[in-house]
Amino acid sequence: MPPLIRRKAASSHTSSSSDSEASEVFSGSSPPSYEAIGDNISRKRRRLSSGPDTGSDSSAAEEAPAPVPSTASRIKPKQATPPFNNPAGIEHPTVSNGKVVDSRASFATLDVAPWLIASLAAMEIKRPTGIQKGCIPKILEGRDVIGGSRTGSGKTVAFAVPILQRWSEDPVGIYAVILTPTRELALQIFEQIKAISAPESLKPILITGGTEMRPQALALSRRPHVVIATPGRLADHILTSGVDTTIGLRRVKVVVLDEADRLLASGPGSMLSDVETCLTALPPSHERQTCLFTATLTPEVIALNSLPRTNGRPPIFVCETDTADLAVPETLKQTYLQVPLTYREAYLHILLLTAGNAVKKSVMVFCNRTATTNLLERLLRLLDHRVTSLHSLLPQKDRTDNLARFRASAARILVATDVASRGLDIPEVDLVINYDVPRNPDDYIHRVGRTARAGKKGEAVTLVGQRDVSLFLAIEGRVGAKMKEWKEEGVNVETRVVRDGLKDVGERKRVALLDIEEGRDVKGNRTRGKIRRLE
């Protein structure tokens, strides 16, 4: 009986001592080492054992606890942030939402409302970029603004945030009209504004071509808060839908021209007449706030800064950031490849199949004409490439679906005209190929701006033919850099074209041309309507 009492007392002593050790750990005192804990446990076990001391060394070795790993925490150590490029020379650079920003800047210092700060944080936009720091305070003050910044710098947030903040202070009628040159860019801005304004009851509408006008006219007559439109379709409503539909535009407070260089450009395909029609239905310039944003400040845009101001209005605020060095990102690798015009398709096919380019997840191929885009999509599909297209002759539903397929990586290659060169935020484009050399050097800047966005790396290859030398030299002068010839170790493109490309590409091209002549779609199915008979 006495030994049993002693054993019970010893066990109570053990539990009390272990409780005291646990309280020391949670109280913040220095925890004992694992070796000390192991020795303490083995010592207590030996004290409780009633056997003789003989063989204590072997029993201690058997009862010794398993070795404890050197890392006690299960949380993996935070990996070092990879180095990033700082083209703008920011004093305290960091990365926020894929963009290089100032770590000491915040939207709160720009007098942005707390609900907008929370909404932007939910979208992983926590610190302003250079164009946002420069333009948001001035737009909140009511100043007219011209903002110029390279692609992927967050220009949409620069005008969307102050518009939404000032609208929330007086949410009556149509507060803002945003004009963009393409339907895809208008849809992208519409979705971004809906996301930022999610905490509030904002009513934005989208007015673009390719859809029925009646539902748009009904939505416009209900006095939405923000109108995102392309100039052509909004001008059609102003001219044909009646005063009752468009009378709400007379009270607009803010007008934004996104990609203003394209909207104000003259020449073939100019949108100036439609833009003028839209502006005539809005309040005069001295009664509204006007904001222009673009990646290329053309003479037409800069000339607006010299216009006389009326009624004592302050001068236009011009904010130009990230343009001190090159017109394109420094992380972009620019090369060219000399090709004969008659075999351009074969060179493109072989270029897409090289070891270095085959691993690239997404590729954009730009053409100058819709007919070339249509032919290339059919040809590359017949050559077993995962490809889709985007151009102005496609129905709006197909344009939206094709772009969604490319964003979702269902299609690896997007063959497009300059419709896809402006404003579209597709973050994972690894390679841009200029199948046709652009006629305007500014168009080249917008094309290659689809890759190397927000400090990421990217590559652009331009196929240069015999007649494109002068255009190519003009592009080099615009970007301020001499391009190197495209090379890949162990790859001779000309040899591969002669050996593997000419026969296959020639046969598939004849099939593609025959499908176009017979009125078949890209999948080879006959389209509805009259089919032209072959003579």
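Considering (1) in a helix (DSSP H, G or I); (2) of a type in the set (D, E, K, R); (3) at pLDDT below 95, the lone condition that Glu191 does not fulfil carries the number (3).
Answer yes if at least one residue in the stretch 80-98 is at pLDDT 55 or above and surrounded by 17 or more Cβ atoms within 10 Å (Cβ to Cβ), and no otherwise. Within the stretch 80-98, one or more residues are at pLDDT 55 or above and surrounded by 17 or more Cβ atoms within 10 Å (Cβ to Cβ).
Candidates in the stretch 285-301 are the residues that are hydroxyl-bearing (Ser, Thr, Tyr) and more than 29 Å from Gly173 (Cα to Cα); of these, the one that is surrounded by the fewest Cβ atoms within 10 Å (Cβ to Cβ) is Thr298. So in the stretch 99-120, with the set limited to residues that are modelled with pLDDT under 95 and of a type in the set (Gly, Ala, Ser), which one is farthest from the chain's Cα centre (by Cα)? Top of the filtered list is Ala108.
Scanning the stretch 479-498 for residues that are assigned to a helix (DSSP H, G or I) and either of a type in the set (Gly, Ala, Ser) or open to solvent by less than 90 Å² (accessible area, probe 1.4 Å) (or both) turns up Val479, Val493, Thr495, Arg496, Val497. Would you confirm, using the coordinates I've provided, whether Leu304 is within 23 Å of Arg439 (Cα to Cα) and surrounded by fewer than 21 Cβ atoms within 10 Å (Cβ to Cβ)? Against the criterion (within 23 Å of Arg439 (Cα to Cα) and surrounded by fewer than 21 Cβ atoms within 10 Å (Cβ to Cβ)), Leu304 does not qualify. Of Thr335, Thr310, Thr354, Thr331, all but one fail to be over 26 Å from Thr230 (Cα atoms) and open to solvent by 60 Å² or more (accessible area, probe 1.4 Å); the exception is Thr310. Elements of the type helices (runs of 4 or more DSSP H) sitting completely within the stretch 194-284 and holding at least 1 residues that are without any contact (Cβ under 8 Å) to a residue 40 or more places away in the chain and surrounded by fewer than 18 Cβ atoms within 10 Å (Cβ to Cβ): these cover 213-221, 231-240, 243-246, 272-280. For the stretch 357-371, how many residues meet the condition of being of a type in the set (Lys, Arg) and either open to solvent by less than 50 Å² (accessible area, probe 1.4 Å) or under 19 Å from Asn492 (Cα atoms) (or both)? Residues meeting the conditions: 1.
For the stretch 282-332, how many residues meet the condition of being in contact with a helix residue (DSSP H, G or I) (Cβ under 8 Å, 6 or more places away or on another chain), more than 20 Å from Cys135 (Cα to Cα) and at pLDDT 90 or above? Of the residues in the stretch 282-332, 3 are in contact with a helix residue (DSSP H, G or I) (Cβ under 8 Å, 6 or more places away or on another chain), more than 20 Å from Cys135 (Cα to Cα) and at pLDDT 90 or above. In this structure, is Ser362 under 30 Å from Lys487 (Cβ atoms) and touching a Leu at 6+ places or on another chain (Cβ under 8 Å)? Here the answer is yes, as Ser362 does meet what is asked. The C-beta contact set for the stretch 116-137 (first residue more than 12 Å from Ser153 (Cβ to Cβ), second residue assigned to a helix (DSSP H, G or I) and open to solvent by 30 Å² or more (accessible area, probe 1.4 Å), distance under 9 angstrom, 6+ apart or interchain) comprises Leu116/Ser168; Ile117/Ala108; Ser119/Ala195; Ala122/Ala195; Met123/Gln192; Met123/Ala195; Lys126/Ile117.
The set of residues from the stretch 499-521 being in contact with a strand residue (DSSP E or B) (Cβ under 8 Å, 6 or more places away or on another chain) and surrounded by 15 or more Cβ atoms within 10 Å (Cβ to Cβ) comprises just one member, Arg520. Cβ-Cβ distances below 6 Å connect the following pairs, each with a first residue in the stretch 493-507 that is over 16 Å from Gln338 (Cβ atoms), a second residue that is part of a helix (DSSP H, G or I) and of a type in the set (Asp, Glu), and a separation of six or more residues or different chains: Val505/Glu345.
The values are calculated or read from the model by the stated rules, or taken from the named source; none is laboratory data. Just so it is clear, the model here is predicted, and its values are computed rather than measured. With ideal geometry, Cβ positions are generated from the backbone for all residues, glycine too; neighbour counts draw on all protein chains shown. Calculation scope for accessible area: heavy atoms of the full protein, side chains included, ligands and nucleic acids excluded. Shrake-Rupley method; radii C 1.70, N 1.55, O 1.52, S 1.80 Å.
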